[in-house]
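Just below is one structure, and these are the notes that go with it.
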Amino acid sequence: MTPRIPWRKRLLVRLLFASVLIAVCSVAATAWLAVTTTTSALEEEQGQDLAADNKILAELSGYAADHPDWTGVGRTVRTLAARTGRRIALTTADRTLIADSAPHDTPLPPRPAAAVDPLHTDTYTEFGAQLSGIDPRAVGPYRLTTTERDGLDAVARKVQSCFDHVGAPTTVRHTPTGRPYLVVDDGTDSFLYRTSDCGAVFGDPAAGMNNVLAHPTRTEEKALAALTDLVRPCLQAKDMDLGSELALTYDTTGRNPVSGGFLVTRKDVRSRSDQTAKNCVTAARRTQLEPYVAPAAELFLGIGDQTAPRFDMSPANKARIVGAAGLVLAVTVAVTAVVATRLVRPLRALTLAAQQPPELHARAPVRTRDETGLLAEAFNDLTERRERLEEQRRAMVSDIAHELRSPLTNIRGWLEVTRDGVVDPDPALLGSLHEEALVLQRIIDDLQDLAAADAGTLRVHREPVRAADLIDQVAAAHRVAADAAGVALLTDADGTAWLDADPVRMRQALGNLVSNAIRHTPAGGTVALTARHDGDDTVLTVTDTGQGIAREDLPHVFERFWRAEKSRSRRTGGSGLGLPIVRHLVAAHDGTAEAASEPGKGARFTLRLPGAAAPADVS
């Protein structure tokens, strides 16, 4: 029965969860980026709009400061609207329309953008406007007559010419009242003309400020007298009746263009009551200028003929955002479900095939060439290797039983006939039984060596071994068998070749190769043992001139109980364990064993082992 996998551990559930998490993070990141970018763009656009709005307000405030009413402002409104691309509308405080750049009956925006009042302004950015809250262009009775302005301009040009001669070029500028003043072109203080010799143009140089440009005109004197009368009641109400102590000082630099260039001060007061006096002066100035400026109006601004759009997070907008996010999540889940199902289906087939009993030889279907298909191919290859190993295991059990049965049957038979008195236990019989026992012992020893190699407990005791001595010892041990078979046993070794190996195990490995070579070489043939250097390795070879090994049999020569001719018995072909033991012994020495053959011309077995340096006491 297939074990039930918990939902939280299923691949499909994990893929769905991962995709939903990624989609949520993507939607959140996209939303955050969109909101951040949109907010930044809106703030930047709002900043630009604010600067444009301030310019519109400043120009309309200048119109109001220069006109006693709003008659004729329509042309100015239309011109500003065309230049800025904004809808501009002016109304009275009770929303009576004064002028509008939009078509007739176009609804006004819900809220005014600002109030246009030249006597109470805090948005005009020209220097000096923030000192009193009065638009500096609201000059009213301080505006010079044409005659006064022409006369002062002539004086200013003379002073300018004087400065030009002394190397101090200046520029003539005008206050909103029309009064000229000089500014030195190099940026130095325009107060220079007060103390310079150029003041002699208008009289005694010692007079200092008492020149024409520093004196109020008749128009200004009249306006200042009226202002003084307006200020005095305020000061009296504040217990500050200073009578004639009020004085008028003119700023010839043009740095404070309020009140037409005149500052109202008190000669002898520099105490905490100064601010009270200034407040009285400001209130008096508003009263004095009120007949000369247009009444306060409300300014409405929009885009074109409509109100400026606003980002409204209404329920409908929120629903659209939630719907879009939900749609993204739904599509993500659907796509992931389809992909995950296609991924899980071959995995389930692979799991089902893996759960089948070994005797069914189940195979996983390979439908694609992706990673899942490669996994199925790898599983099928593993199944085939398992089948081959199972076949080899069964064959090995059969071979072991066969190898042990023959000597045991011989020993049992001879012992039974001897027990029954049929045959006397003479030395020849005992020798035959001893030989059969040796065969059994050899098979058991080989099996024990293979079991130790498989378990990783095969022990080797390494030491420096001269390859020539190793070959000579093996050749001497098999000389008698070679002579009996009519085979010449030859050796050829490099006397300087050494290897780090267990001499007993290496004699066992070479002995197995030599005994196989003698067994498969016909009379008159040769078996050669050689040893040589090959870089850092020492190479040992056993070559014979026998019948050789077929090409299709070469990959199997090191397998257990394998014989090229299945009809050969252990009497003619050995137990089939010699070459596997050779391979394991060489692998235990970190070496390799290879076989090469050409049918009809013999075979060559090559053992490549790590070389070793000759001991210091060996010459």
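The values are calculated or read from the model by the stated rules, or taken from the named source; none is laboratory data. Since the model is a prediction, treat every value here as computed from it, not as a measurement. In this analysis, Cβ positions are derived from the backbone assuming ideal geometry, glycine residues included, and neighbour counts consider all displayed protein chains. Note: areas computed on protein heavy atoms with side chains; ligands, DNA, RNA excluded. Shrake-Rupley method; radii C 1.70, N 1.55, O 1.52, S 1.80 Å.
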* Structure fact -> Going through region 508-521 in order, the residues found to be open to solvent by 40 Å² or more (accessible area, probe 1.4 Å) and either in a helix (DSSP H, G or I) or at pLDDT 90 or above (or both) are Gln508, Arg519
* **Selection within region 268-320 - modelled with pLDDT under 55 and part of a strand (DSSP E or B)** => Gln306
* Test for Val460: is it in contact with a helix residue (DSSP H, G or I) (Cβ under 6 Å, 6 or more places away or on another chain), open to solvent by 20 Å² or more (accessible area, probe 1.4 Å) and at pLDDT below 90 -> yes
* Structure fact -> Taking region 118-154 and the residues there that are at pLDDT below 80 and among the aliphatic types (A, V, I, L, M), the one that is surrounded by the fewest Cβ atoms within 10 Å (Cβ to Cβ) would be Leu131
* To do: Tell me, yes or no, whether region 484-496 has at least one residue that is at pLDDT 90 or above, under 25 Å from Asp449 (Cα atoms), not acidic (Asp, Glu) and not in a loop (DSSP other than H, G, I, E, B).
  => no
* When both residues are 6+ apart or on different chains and their Cβ atoms are under 6 Å apart, which pairs have a first residue that lies in region 429-444 and is in contact (Cβ under 8 Å) with a residue 24 or more places away in the chain and under 12 Å from Leu408 (Cβ atoms), and a second that is assigned to a helix (DSSP H, G or I) and open to solvent by less than 20 Å² (accessible area, probe 1.4 Å)? -> Glu436/Pro407; Val439/Pro407; Leu440/Pro407; Ile443/Glu403
* Go through Asp424, Asp381 for me and flag whichever is surrounded by fewer than 13 Cβ atoms within 10 Å (Cβ to Cβ), part of a loop (DSSP other than H, G, I, E, B) and at pLDDT 75 or above. => Asp424
* Asked: Does Leu182 count as modelled with pLDDT of 85 or more and buried (at least 19 other Cβ atoms within 10 Å of the Cβ)?
  -> no
* **Complete set of residues in region 60-75 that are surrounded by fewer than 19 Cβ atoms within 10 Å (Cβ to Cβ) and part of a helix (DSSP H, G or I)** => Asp66, Gly74, Arg75
* Extreme residue, farthest from the chain's Cα centre (by Cα), among residues of region 155-169 that are open to solvent by less than 30 Å² (accessible area, probe 1.4 Å) and within 30 Å of Ala223 (Cα to Cα) -> Val155
